Structure formats: structure tokens, C-alpha cells
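Peer 1: Quick one: structure below, then a few questions.
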Ligand SMILES: Cc1cc2nc3c(=O)[nH]c(=O)nc-3n(C[C@H](O)[C@H](O)[C@H](O)COP(=O)(O)OP(=O)(O)OC[C@H]3O[C@@H](n4cnc5c(N)ncnc54)[C@H](O)[C@@H]3O)c2cc1C
Ligand code: SF4
């Protein structure tokens with residue numbers, strides 16, 4: 001295994017390899033594992049630090065400032081300033097994500113192939129399924145055990161039953177989880193089977209080299225071929241990586257198009273077609289303590305509204321985040337904070353129909369996105385049903401958190417008003433984005449896609465894209481496992497082309 005810590009690189013570093021992978025999240029780690037496992041020499045370059053589980057910060061603020069891009073303060077520009085969250089560390093967002101696992105839904109794949117039949121062979125269903133089986137086994141994906149669920153998750157089951165909605169314990173990538181509810185700050189015990197401790201560890205065991213704290217900046221081309229990546233280590237040293245066969249971009253659906261645009265690689269709809277799942281959440285107070293910080297961070301989900309573009313998840317986060325979510329000022333707020341053991345928060349992820357765009361301005365990614373009227377309607381419907389579920393599960397009062405609407409609600413009738421007549425302004429809703437897609441989509445036509453069906457850039461030889469930028473659409477479900485499976489497919493196409 002070989003790891004170069006960029007913080008210690010103060011002088012020029014020059015390496016030659018077969019494949020350079022940019023980004024070490026689910027996409028980059030999965031691609032690197034497949035490539036290194038097949039005998040290719042691989043260098044993975046990652047802008048963020050390598051943080052060991054025992055060093056995971058306990059507080060949300062600590063995690064945001066050390067492990068999240070822009071301290072967790074990246075915001076889309078549009079009618080509503082919606083934060084979009086991304087990890088910036090070895091493992092990408094996977095060490096700080098909720099550990100929820102879904103397979104690529106068959107109906108999503110069918111829609112992709114209906115829109116572009118070339119994807120039927122390029123992303124063959126049987127190959128994706130086999131890869132997913134293998135990945136799930138490696139990551140220990142299994143339903144959340146009742147013993148570690150905690151009340152927040154069990155109450156969601158109760159609320160969904162009361163409304164007759166399909167629900168289930170979340171399938172998560174954990175081994176030995178004790179339900180400490182700290183997934184979003186990074187599991188301090190190493191129980192979460194994130195990309196860094198699984199897929200990347202496998203790649204390193206197969207001889208790959210990891211450069212942490214090194215930002216890739218320049219994709220050097222010569223004669224229409226990309227063969228070199230230049231960047232800078234945190235220690236100040238310039239880094240030059242020469243790739244004999246391929247450069248694989250896996251920097252995420254925001255950073256990959258931004259890197260291309262920064263390098264003036266703007267062929268096709270690069271950065272366009274940004275798609276996402278904005279999530280809204282609803283808090284509620286229960287008479288008995290529910291201690292939302294206990295139990296698996298996101299251990300239960302409601303699946304019955306997926307056809308409507310809605311998916312509900314129990315949430316568990318640090319108390320400082322919960323405090324920011326509570327209504328009121330002065331003594332009222334102080335009372336709510338003192339009362340925090342009685343509060344819960346559940347989220348509704350919306351499969352947004354609106355599309356946005358990623359640009360690179362002054363070397364930084366800038367995302368523009370505004371939820372459509374239908375998306376806002378889904379926010380309202382999601383909050384209504386979440387509120388009804390919470391009241392049915394025993395909450396005395398719920399806070400939909402919608403500006404311009406009743407802050408405290410105790411009856412389903414008022415929640416029905418929210419769905420029917422709630423504000424139509426996106427800015428009235430408190431939401432956040434964690435799932436992003438589509439900004440370098442795959443396809444046969446270079447006018448409407450950035451990479452070919454074999455993941456190769458339409459215009460530039462030697463350049464491949466492995467992450468969810470290539471997805472033709474959003475998924476409506478949590479994407480980390482499909483991202484890993486698709487990236488493994490990309491690596492196989494790279495290997496086939498190099499032979
Ligand atoms: C708080 C949160 C909770 C989530 N919960 C879940 C969940 O429960 N289940 C689920 O399925 N999904 C979840 N997601 C989404 C999921 O984690 C992401 O979809 C997934 O990690 C994306 O994988 P990726 O490899 O494409 O990108 P990322 O995970 O974002 O990794 C990209 C990596 O590339 C690095 N990078 C970027 N630019 C450069 C550069 N120029 N040079 C070098 N390195 C670079 C970044 O620092 C980053 O580490 C969550 C995300 C967040 C933020
Ligand atoms: S719930 Fe706690 S113990 Fe379980 S994986 Fe998440 S952080 Fe680790």
C-alpha cells in the first residue's frame with residue numbers, strides 16, 4: 001500500500017502511472033479498485049485529507065469545517081439559497097453520509113434505455129446487478145437491526161403504518177453498528193463501511209497509490225489526447241501525474257464538470273442538466289423523550305411514495321443542528337433547546353424535475369438551480385404527510401419550518417391546508433441537497449452528451465468520466481451504490497480499451 005500525504009509534499013512530485021483517478025469518493029474508489037484489481041498501475045488523487053475514524057469530529061460544526069467542502073456552506077444560486085453538501089476528504093461524501101443503500105431501480109434504468117437505446121448494452125442490467133451484488137457483499141449492506149434502531153426510527157414505522165404507507169428499516173453499509181447516530185460527522189468507531197475503508201482499501205492493497213490533500217487543477221492535452229494531470233499539494237509542492245492510458249474523472253457531479261470547464265473542455269452539454277433530490281424536513285415534539293441522537297442515524301425510510309417522487313427518511317444529527325432547526329427566539333428558544341430530548345426530525349427527499357447548471361467561475365464551481373412549481377408542490381405534499389405521520393405516531397406538535405405558514409401545527413387539517421395553499425415560493429422552504437447527477441451525461445450524440453456510452457469523452461482521447469455526472473437522470477433514491485456500480489463499469493471499459 002502506498003499513501004502520499006499532500007501536507008508533507010513541499011517540493012515537486014512527478015509520477016508516471018497507467019491510470020490517474022481524480023477523486024476518492026464512491027465513484028473514484030470503485031473505479032480504482034476495479035482497475036488495480038486487474039493489475040493496472042493506479043494513482044488516486046484526492047483534494048481532501050485522509051481522516052481516520054477515531055479522528056472524526058464529534059460536533060456538526062467540527063465535521064462541517066474539516067470534512068465538508070466549503071465548510072458545508074456551498075449554496076446553489078437561484079430563487080432559493082439551497083445548501084448542497086459534499087464531503088471533501090478521502091472517501092468523498094461516503095464517510096459523512098447517512099449509510100443508506102439502494103440498488104439502481106429497474107424503472108429508472110428502463111427510462112434511461114428508452115431515451116437512449118445504446119445504454120441497454122453500455123450499462124447492461126445484468127452486469128450492473130452482478131456488480132451491485134458484489135459491492136453490497138463487500139460493504140456489508142443489510143437492513144437496520146431493531147436493536148440499534150432507536151426511537152426516531154421505530155416511530156417512523158409507527159407513523160407510516162398509521163397512514164398505510166409502505167416502509168422498511170433502511171438497508172445500510174455498516175458492520176457492528178451500535179447506533180451512535182453520528183454518521184453525518186463520520187463514524188468514530190469505523191463501523192460504517194464507507195468507500196475509504198472498503199473499496200479504496202482494496203485498491204491500495206492491490207498496489208494503487210493514494211495522494212491525499214492534493215488538488216488536481218490542470219488536465220494537460222497534446223494532439224487531442226489527455227495524458228497528464230497537474231495540481232498542487234497542500235504542502236505547497238507542484239504535482240505532475242503522467243497517465244500512460246487514461247485519466248478517469250470521479251470528482252462528483254459538481255466538481256467534475258467544474259474541472260472540465262476550468263480547463264476549457266466545454267464540448268457538449270458539460271455542466272448542464274444538473275439534477276438533484278432537494279430534501280425538506282419537519283420537526284416535532286413528543287411528550288416522552290425520544291432522544292433523536294440515539295439509534296442508527298438514518299435507520300428507517302418510507303418507500304411507498306417513490307412513484308410520486310418522494311422518499312421519507314428518519315434523520316439523526318448533532319444537537320447543534322437540531323437547535324438551529326427549532327422555532328422561536330429568546331426564552332422560547334432556550335426552553336426548546338432545554339427540551340431537545342423530546343424532539344424528532346424526519347426528512348422528505350424530492351426527485352426534482354427542475355434542472356440546473358454547473359459553471360466554473362474564477363476556478364470555483366458555481367451551481368444554479370431553482371425548484372419548479374411541481375417540486376415546490378412536492379415539498380408541500382411531503383411536509384404534509386410527514387406531519388400526519390408524526391402526529392399519528394404521537395407528536396403533540398409539529399413544525400413544518402415553512403416561512404409564511406403556521407410555525408406550530410397540531411392538526412392534520414392544517415397540514416392539508418399546507419399542501420393545498422402553502423407558499424409557492426421555493427425560498428419559503430428550508431431544504432438541502434446531497435444527491436446530484438447528470439452534468440456530463442452519457443450518450444451517443446456529442447451534441448446532447450459529454451461522454452460516449454463507454455464513458456470516454458466524445459472529443460478528448462484518454463479522458464473518461466466515472467461518477468454520477470454521466471447519469472442521464474436523477475434516481476429518486478440514495479445513489480451511492482449505483483454510483484459505485486456504474487464507476488466499476490467505467491473502469492472495465494477503460495481496461496478493455498487499454499488492452
Ligand atoms: C451529508 C450527506 C449524506 C448523504 N447520505 C447518503 C446516503 O445515506 N446514501 C447514499 O446513497 N448517498 C448519500 N449521500 C450522497 C452520496 O454520498 C454521494 O452521492 C456520493 O458520495 C457521490 O460520490 P462521488 O464519488 O461521485 O463524489 P464524492 O463522494 O463527492 O467524492 C468526490 C471526491 O473528489 C474530490 N475532488 C473533487 N475535485 C477534486 C480535484 N480537483 N482534485 C482532487 N480531488 C477532487 C472531493 O474532495 C471528493 O472527496 C449523502 C451525501 C451527503 C453529503
Ligand atoms: S450510527 Fe453510529 S455506530 Fe452506526 S455507523 Fe453511524 S456513526 Fe457508526
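Bear in mind these aren't lab numbers, they're just calculated from the coordinates by the rules spelled out. As the structure is a computational prediction, the values presented were derived from the model and not from experiment. No Cβ is skipped: glycine too gets one built from the backbone with ideal geometry, and neighbour counts run over all protein chains shown.
Peer 1: Report, largest value first, the span of the C-alpha coordinates of the range 1-65 along each principal axis, in whole Å.
Peer 2: Between the extreme Cα coordinates on each principal axis of the range 1-65 lie 40, 30, 18 Å.
Peer 1: Roughly what % of Cα-Cα distances in the range 122-241 sit above 17 Å, to the whole percent?
Peer 2: Details: 5244 of 7140 pairs.
That fraction is 73 percent.
Peer 1: How large is Rg over Rh for the chain, taking Rg from the Cα atoms and Rh as the Kirkwood inverse mean of 1/r across Cα pairs?
Peer 2: Rounded to two decimals, Rg over Rh is 0.97.
Peer 1: Looking at the chain, what % of its DSSP beta bridges pair antiparallel, to the nearest 5?
Peer 2: Values: 56 of 83 bridges.
Once the DSSP bridges in the chain are tallied, antiparallel ones form about 65 percent.
Peer 1: Using label points projected 7 Å from each Cα along Cα→Cβ, tell me how many nm separate residue 107 and residue 445, to one decimal.
Peer 2: Here the answer is 2.6 nm between the modelled labels.
Peer 1: Now for a separate question. Could the peptides 22-34, 124-136, 141-153 be put in order, highest first, of the mean number of other beta-carbon atoms found within 10 Å of their residues?
Peer 2: Working: 22-34: 32.3, 124-136: 15.8, 141-153: 19.9.
Packing order, densest peptide first, comes out as 22-34, 141-153, 124-136.
Peer 1: Rank the residues 245, 458, 435 as a footprinting-exposure proxy: fewest other Cβ atoms within 10 Å of their Cβ go first. Spell out each step's value before the answer.
Peer 2: Working: 245 20, 458 17, 435 26.
So the residues, fewest neighbours to most, are 458, 245, 435.
Peer 1: Given the convex hull over the Cα atoms of the range 331-396, what projected area results after averaging over all orientations, in nm²? Can you show the working numbers first?
Peer 2: Values: hull surface 30.5 nm².
Convex hull of Cα atoms, orientation-averaged projection: 7.6 nm².
Peer 1: Next up: Mind checking the full-extension length gain between residue 416 and residue 10? Use 0.36 nm per residue of separation minus the Cα-Cα distance, one decimal, nm. Intermediate values should be presented prior to the final figure.
Peer 2: Working: separation 406, 0.36 × 406 = 146.16 nm, distance 6.08 nm.
Length gained, residue 416 through residue 10: 140.1 nm.
Peer 1: Hey, what number do you get for the chain at 222 nm if only DSSP H runs of n ≥ 4 count, each worth -39500 (n - 2.57), divided across all residues, to the nearest 500?
Peer 2: -8500 deg cm²/dmol
Peer 1: Diagonalise the Cα gyration tensor of the range 264-378 and give the resulting equivalent ellipsoid semi-axes, square root of 5 times each eigenvalue, largest first, whole Å.
Peer 2: Values: eigenvalues 241, 70, 34 Å².
Equivalent-ellipsoid dimensions as semi-axes: 35, 19, 13 Å.
Peer 1: For the range 29-116, what percent of Cα pairs sit more than 22 Å apart?
Peer 2: Details: 1981 of 3828 pairs.
The calculated P(r) of the range 29-116 puts 52 percent of pairs beyond 22 Å.
Peer 1: Here's another thing I want to ask about it. Please report how far the C-alpha centroid of the range 257-274 lies from that of the range 403-420, rounded to the nearest whole angstrom.
Peer 2: 42 Å
Peer 1: Could you run the Debye sum over the Cα atoms of the range 100-192, one equal point scatterer each and no solvent, and tell me log10 of I(q)/I(0) at q = 0.14, 0.15 Å⁻¹, two decimals?
Peer 2: Values returned for q = 0.14, 0.15 Å⁻¹ are -0.71, -0.78.
Peer 1: While we're here: How far, in nm, would the chain grow between residue 338 and residue 55 when pulled straight, counting 0.36 nm per residue and subtracting the alpha carbon separation? Provide the component values of the computation, followed by the final result.
Peer 2: Working: separation 283, 0.36 × 283 = 101.88 nm, distance 2.87 nm.
Between residue 338 and residue 55, full extension yields an extra 99.0 nm.
Peer 1: Here's another thing I want to ask about it. Taking 0.36 nm per residue of sequence separation and subtracting the Cα-Cα distance, how much length would be gained by fully extending the chain between residue 114 and residue 205, in nm to one decimal?
Peer 2: Working: separation 91, 0.36 × 91 = 32.76 nm, distance 3.98 nm.
Extending this stretch completely gives an extra 28.8 nm.
Peer 1: Using only Cα atoms, figure out Rg for the range 273-331 and give it as a multiple of 2.2 N^0.38 Å.
Peer 2: On the way: Rg = 14.4 Å, N = 59, 2.2 N^0.38 = 10.4 Å.
Output field value: 1.39.
Peer 1: Express in % the proportion of alpha carbon pairs of the range 316-450 at distances exceeding 25 Å.
Peer 2: 40 percent
Peer 1: Cα atoms only, the range 236-315: Rg and Dmax in Å?
Peer 2: 21.3, 64
Peer 1: Restricting everything to alpha-carbon atoms, can you work out Rg to Rh for the range 188-326 with a Kirkwood hydrodynamic radius? Walk me through the numbers before you get to the answer.
Peer 2: On the way: Rg = 21.5 Å, Rh = 19.9 Å.
Ratio of gyration radius to Kirkwood radius for the range 188-326: 1.08.
Peer 1: Over the range 404-499, what relative contact order in percent results from Cα pairs under 8 Å that are six or more residues apart?
Peer 2: Values: 96 pairs, mean separation 19.9, N = 96.
Once normalised by length, the contact order is 21 percent.
Peer 1: From the square roots a ≥ b ≥ c of the eigenvalues of the alpha-carbon gyration tensor of the range 297-361, which class results: rounded (a/c under 1.5), prolate (a/b over b/c), or oblate?
Peer 2: On the way: a/c = 2.78, a/b = 1.55, b/c = 1.80.
Oblate shape, in that a/c is at least 1.5 and b/c is the bigger or equal ratio.
Peer 1: Hey, another quick one. Just to verify a number: FRET efficiency for residue 168 and residue 127, C-beta to C-beta distance, R0 = 35 Å, to 0.05? List each step's numbers first, then the result.
Peer 2: Numbers: r = 27 Å, r/R0 = 0.76.
In this case the efficiency is close to 0.85.
Peer 1: Now a separate question. Distance between the C-alpha centers of the range 98-131 and the range 445-499? Whole Å please.
Peer 2: Each part's Cα centre sits 12 Å from the other's.
Peer 1: Another question, if that's okay. If I take every Cα pair under 8 Å that is 6 or more residues apart in the chain, average their sequence separation and divide by the length, what percent do I get for the relative contact order? Let's see the in-between values first.
Peer 2: Working: 1284 pairs, mean separation 121.3, N = 499.
So the answer I get is 24 percent.
Peer 1: For a paramagnetic label modelled at 7 Å from the Cα of residue 189 toward its Cβ, which residues of the range 145-167 fall within the zone defined by backbone nitrogen distances under 15 Å?
Peer 2: 145-150
Peer 1: Still on this structure, I have one more. Which of the peptides 385-398, 249-262 is most tightly packed, and how do the rest follow, judged by the mean count of other Cβ atoms within 10 Å per residue? Please list the in-between numbers first.
Peer 2: Values: 385-398: 22.1, 249-262: 27.7.
Going by the mean number of other Cβ atoms within 10 Å, highest first, we get 249-262, 385-398.
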